[in-house]
Amino acid sequence: MRTSRRWTVLGITLLALMVAVGLTVSDMRLASSQTVTLVAKRSEAQVPADDPFDTVWSRANPVEVPLSAQTVVPPKAGGDRTITARALHDDERLYVLMEWEDDSEDSLVSSQTEFSDAAAVQFPVTPGETIPAFCMGDPNAPVNIWQWKAAWQTDIDEGFVDVEDTYPNASVDLYPFEDEDVFYPARALGNVFAQTERETPIDNLLAGSFGTLTQTSDQIVNGAGEWRDGHWRVLFAREMSVDGDYSQFAEGDSTNVAFAAWDGASDERDGMKSVSQFLTLEVSPDVAEGSGGVTVWIIVAVVLGAVALTLVLALYGRQRQRG
Amino acid sequence: MAQVYNWQLGREMDYRFEEAHPERQFAAVFNINRCIACQTCTMSCKSTWTFSRGQEFMWWNNVETKPYGGYPHHWDVKLLQLLEEANPGGQAWNSSQLGDRQPYGVYNGKTIFEAAADKGNEHALGYLPSDEEWTAPNIYEDTAMGAVGVPNESHLEATQLPEHKTWFFYLQRICNHCTYPGCIAACPRNAIYKRPEDGIVLIDQQRCRGYRKCVEQCPYKKPMYRPTTRVSEKCVACYPRVEGSDPLTGGLPMETRCVSTCIGKIRLQGLVRVEDGEWAEDRNNPLYFLTRVERVALPLYPQFGTEPNIYYIPPRWVPRPYLRQMFGPGVDEAIDRYTNPSRELLAVLQLFRASQTIIFRYAIEEGEKLEGTELFNDTAIGFDKNDNEVVRLSVREPFYERPQQFQNSI
Ligand code: HEM
Ligand code: SF4
Ligand code: SF4
Ligand code: SF4
């Protein structure tokens with residue numbers, strides 16, 4: 001009996017070891033703890049900032065990141081969700097790609113009850129010993145957040161969505177002072193929400209704890225999002241080094257990254273979202289070759305091999321015990 | 001959650017923030033009995049603040065016919081239902097002990113804040129009205145209450161006070177510039193603030209990110225989302241007039257547009273002094289006198305818990321249970337006092353819509369007894385912020401006879 005158990009334990013250990021080897025070989029990681037790393041390798045091919053479905057992304061290794069409901073401060077909402085994250089760089093710019101499943105494309109905010117699908121990435125402004133709280137940073141350790149909204153993507157792709165686009169007969173015969181911004185106070189004050197001519201679907205933000213999120217006048221993050229067959233892919237792109245008190249990136253450096261996603265159909269906005277913890281982001285000098293289909297087969301073979309070996313060992317153990 | 005004192009409920013209650021009070025509080029009294037629903041107030045606000053693209057559906061001031069009307073549709077019925085569901089059968093008052101700090105007794109039910117605290121996911125109870133609910137702002141205009149439980153039947157027999165069987169009344173609504181605003185509790189990014197100088201509640205148009213939590217959690221449904229700027233807007237209490245910075249005011253605090261244009265002379269608006277978190281005793285401020293001394297003017301749905309600052313003289317002819325639900329247990333006393341006014345009350349009622357300048361103090365000069373009545377022809381005098389006289393009116397309105405040569409002129 002005792003010998004049999006010993007053999008089984010050995011088998012299981014072997015199995016775990018081989019799965020780990022398989023995952024390492026394929027560079028596939030499960031981001032269930034902070035030790036998990038998203039590696040941005042160097043892409044020799046061009047990475048187009050406006051096409052999240054470009055084939056270059058098959059060269060970046062995916063990391064599965066679990067998100068869960070925001071339950072720290074009201075308003076609370078969100079749920080368990082998984083996003084797939086990938087990252088690349090080309091010496092000039094850092095690219096982060098988020099991908100997740102969503103049955104409905106919610107890309108309008110023109111009625112009273114419509115909310116937009118959205119996604120965000122968050123980095124410490126200063127990487128180092130004090131990692132800011134993943135909940136939007138701390139007063140003494142701020143975070144830089146880049147938020148993409150589907151509604152802004154619509155404004156860019158199809159032009160600013162105005163009242164008549166939603167309700168063709170809503171408009172009045174005459175709007176006095178129509179061209180004067182002061183009658184659109186948010187616009188007059190430079191609130192990026194009120195922009196009618198948007199250059200990027202991504203907002204560059206700073207925060208030092210929840211409730212302090214502040215929009216910046218530097219709209220320096222580019223990218224694009226696209227909904228295809230029940231899932232979103234959103235690409236964030238920014239110069240690795242920029243002016244201002246924002247996160248900076250350089251080859252060979254490590255920092256942290258966290259993710260958040262909002263489902264418009266569930267009225268998610270503000271703190272009502274699904275969030276991840278911080279994981280490590282490594283800007284690597286290695287060239288992105290891609291895992292390709294081959295690695296998947298390597299994992300399958302390794303796992304199958306391990307299972308077979310375990311069975312054999314277990315059987316052998318039992319026989320020895322009998323004999 | 002902090003504990004704050006709400007005098008309208010006669011007790012402490014839960015609120016997201018600690019108590020903090022302005023120096024003065026924007027407040028008004030609306031006399032429902034006199035409103036003719038001409039909507040001049042509504043149009044004056046619209047032509048001042050909400051005539052631009054994206055504001056088509058916005059009526060920061062609206063006048064709705066009760067019991068059926070509402071903008072957005074059935075806003076109050078929905079709120080009452082949410083509260084009832086959160087605390088079935090518990091929304092009751094104990095009015096056995098009245099006092100200065102609890103003029104209507106003690107509310108034992110749950111406020112919108114307390115009802116939400118149980119779950120902890122939100123700061124206040126609420127709902128987001130749909131586009132359809134914001135349409136037809138004057139729906140059910142002039143529609144009277146029918147026979148209860150009998151479709152398409154109304155009471156046709158002659159009706160008389162104290163309660164009419166066939167009834168409706170007009171409810172005039174603007175933002176209440178609440179002491180404990182639901183909108184402020186709701187906003188997760190603190191984009192809404194209450195001004196320390198006058199208690200006016202404003203949405204920072206630069207900070208707002210269009211989350212619409214305020215639209216969801218203002219029980220009176222006064223913040224509204226503007227699709228052309230993708231942020232929320234609300235009644236601004238005509239602050240350039242109230243602070244006297246509008247060139248028109250000549251530097252003196254002036255009543256808001258919707259108040260100063262009121263055809264029915266139902267509105268009186270001003271600022272009350274606040275000391276140690278409570279209305280300072282200021283007997284000759286007409287607003288203080290009407291709400292705290294005479295107690296003829298009552299808050300709208302005090303049980304919501306936001307301590308609203310627009311006070312209503314309830315309509316005399318409406319069934320009391322309906323009014324008590326809407327204005328709390330002070331209704332019976334308020335109607336009695338309004339029906340049989342004291343000499344002073346009668347005089348102060350003359351000040352409604354007498355001047356655009358905000359009246360900070362009134363004085364009464366006693367007059368002769370009016371022949372054949374129990375009334376006295378007293379004179380009410382109103383003074384501005386600098387204590388200069390701005391208006392003088394007697395109980396008996398002066399009578400002018402048009403001379404022969406002007407008979408046909410306009
Ligand atoms: C559990 C941790 C978190 C908490 C408690 C939290 C809380 C909040 C709150 C209260 C707001 C609304 C107030 C405001 O605008 O400042 C908010 C907004 C926001 N948060 Fe967080 N947050 C958390 C994690 C994250 C993460 C990980 C990210 C990004 C990866 C993020 C990105 C954002 C963004 C972009 C907004 C603006 C939302 C919008 O425009 O609808 N948050 N958060
Ligand atoms: S202007 Fe005065 S009388 Fe006319 S609807 Fe408004 S509140 Fe009523
Ligand atoms: S009425 Fe509504 S919008 Fe106005 S202060 Fe009160 S809660 Fe805020
Ligand atoms: S106070 Fe001014 S902004 Fe508010 S409803 Fe009246 S007119 Fe409109």
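The values are calculated or read from the model by the stated rules, or taken from the named source; none is laboratory data. As the structure is a prediction and not an experimental result, all values here were calculated from the model. Backbone-built Cβ (ideal geometry, glycine too); neighbour counts: all protein chains shown. Heavy atoms of the whole protein, side chains included, go into the accessibility calculation; ligands, DNA and RNA do not. Shrake-Rupley method; radii C 1.70, N 1.55, O 1.52, S 1.80 Å.
Note down the relative contact order for the range A:35-290 as a percent, whole number, built from C-alpha pairs under 8 angstrom at least six residues apart.
32 percent
Report the convex hull volume per residue for the protein assembly as shown, counting only C-alpha atoms, in Å³.
Hull volume over Cα atoms, normalised by residue count, gives 241 Å³.
Can you pull the one-decimal nm distance between simple spin-label points at B:Val148 and B:Glu397, each 7 Å off the Cα toward Cβ?
Calculated label separation equals 3.7 nm.
Given a Förster distance of 25 Å, report the FRET efficiency between A:Lys76 and A:Thr216 from their Cβ-Cβ distance, rounded to the nearest 0.05.
So, using R0 = 25 Å, E works out to roughly 0.40.
How far apart, in nm, are two points set 7 Å out from the Cα along the Cα-to-Cβ line at B:Thr135 and at B:Arg337?
4.4 nm
For the protein assembly as shown, what % of the accessible area comes from carbon and sulfur atoms, probe 1.4 Å?
Heavy-atom surface of the protein assembly as shown belonging to carbon and sulfur, 1.4 Å probe: 51 percent.
How large is the dipole of the range A:35-290 about the Cα centre if only Lys and Arg carry +1 and Asp and Glu carry -1, each at its Cβ, rounded to the nearest 20 debye?
Computed charge dipole of the range A:35-290: roughly 1040 debye.
Read phi for every residue in the range B:107-121 and hand back ³J(HN,Hα) as whole Hz from Karplus 6.51 cos²θ - 1.76 cosθ + 1.60, θ = phi - 60°, with x for Gly and Pro.
Whole-Hz 3J(HN,Hα) from phi for the range B:107-121: 8, 9, x, 10, 7, 5, 6, 5, 5, 7, 4, 4, 7, x, 7.
Work out from phi, with θ = phi - 60° and the Karplus expression 6.51 cos²θ - 1.76 cosθ + 1.60, the ³J(HN,Hα) of each residue of the range A:137-153, listed in order in whole Hz, and give x for Gly and Pro.
Karplus values, whole Hz, x for Gly and Pro: x, 10, x, 9, 9, x, 10, 10, 10, 10, 10, 9, 10, 4, 5, 6, 4.
Evaluate the distance, in nm, between pseudo-label points positioned 7 Å from the Cα of A:Ser58 and of B:Glu275 along their respective Cα→Cβ axes.
Going from the A:Ser58 label point to the B:Glu275 one covers 8.0 nm.
To the nearest 100 Å², how much accessible surface do chains B and A cover up together, summed over both, with a 1.4 Å probe?
What B and A bury together is about 3700 Å².
Just to be sure I understand the interface: list residues from the range A:139-174 that lose 50 Å² or more of accessible area between the chain on its own and the complete protein assembly, 1.4 Å probe.
Correct list: A:Val163.
Please report, in debye to the nearest 20, how large the charge dipole of the protein assembly as shown is about its Cα centre when each Lys and Arg carries +1 at its beta carbon and each Asp and Glu carries -1 there.
Here the protein assembly as shown has a charge dipole of around 2280 debye.
State the Kirkwood hydrodynamic radius of the range A:35-290 in Å, one decimal place, computed from all pairs of distinct Cα atoms.
19.0 Å
Identify the GluC sites (Glu not before Pro) of the range B:14-80 meeting these criteria: DSSP loop state and at most 11 other C-beta atoms within 10 Å of the C-beta.
B:Glu18
Which residue, chosen from B:Gly126, B:Ile112, B:Ile139, occupies the Cα position most advanced towards the positive end of the dipole of the range B:90-147, where the dipole is computed from +1 (Lys, Arg) and -1 (Asp, Glu) charges on Cβ about the Cα centre?
B:Ile112
Give the calculated FRET efficiency between B:Glu366 and B:Asp246 to the nearest 0.05, with a Förster radius of 45 Å applied to their Cβ-Cβ distance.
The computed FRET efficiency comes out at 0.80.
Farthest toward the dipole's positive end in the protein assembly as shown, which of A:Val56, A:Met136, B:Leu79, given Cβ charges of +1 (Lys, Arg) and -1 (Asp, Glu) about the Cα centre?
B:Leu79
Name the shape class, rounded, prolate or oblate, that the alpha-carbon gyration tensor gives for chain B, where a ≥ b ≥ c are the square roots of its eigenvalues, rounded holds for a/c under 1.5, and otherwise prolate holds if a/b is larger than b/c and oblate otherwise.
Rounded shape, in that the Cα axes give a/c under 1.5.
Amide H of B:Gly210: which non-local residues (sequence gap of 5 or more, or other chain) have their own amide H closer than 5 Å, using H built in the peptide plane?
B:Ser232
Based only on Cα atoms, what mean projected area does the convex hull of the range B:279-330 have, in nm²?
3.8 nm²
Report the chymotrypsin sites (Phe, Trp or Tyr not before Pro) located in the range B:309-410 that are in a DSSP loop and have at most 15 other Cβ atoms inside 10 Å of their Cβ, or state none.
B:Phe399, B:Tyr400
Name the shape class, rounded, prolate or oblate, that the alpha-carbon gyration tensor gives for the range B:255-352, where a ≥ b ≥ c are the square roots of its eigenvalues, rounded holds for a/c under 1.5, and otherwise prolate holds if a/b is larger than b/c and oblate otherwise.
Rounded is the answer for the range B:255-352, as its axis ratio a/c remains below 1.5.
Gain in length, A:Glu101 to A:Ala45, computed as 0.36 nm per residue apart minus the alpha-carbon separation, to one decimal in nm?
Once the chain is fully extended between A:Glu101 and A:Ala45, it gains 17.4 nm.
Please give the charge dipole size of the range B:99-234, origin at the Cα centre, charges +1 on K and R Cβ atoms and -1 on D and E Cβ atoms. Round to the nearest 20 debye.
Result for the range B:99-234 is approximately 840 debye, rounded to the nearest 20.
Express in % the proportion of alpha carbon pairs of the range B:63-204 at distances exceeding 23 Å.
Value for the range B:63-204 (Cα pairs over 23 Å): 57 percent.
Pairs B:Lys78/B:Lys194; B:Lys46/B:Lys222; A:Lys273/B:Lys213; B:Lys66/B:Lys165; B:Lys165/B:Lys265; B:Lys66/B:Lys194: which exceed 23 Å Cα-Cα?
Result: B:Lys78/B:Lys194; B:Lys165/B:Lys265; B:Lys66/B:Lys194 exceed 23 Å.
Between A:Ala77, A:Ala170, A:Pro185, whose Cα lies farthest towards the positive end of the dipole of the range A:35-290 when Lys and Arg beta carbons carry +1 and Asp and Glu beta carbons carry -1, centred on the Cα centre?
A:Ala77
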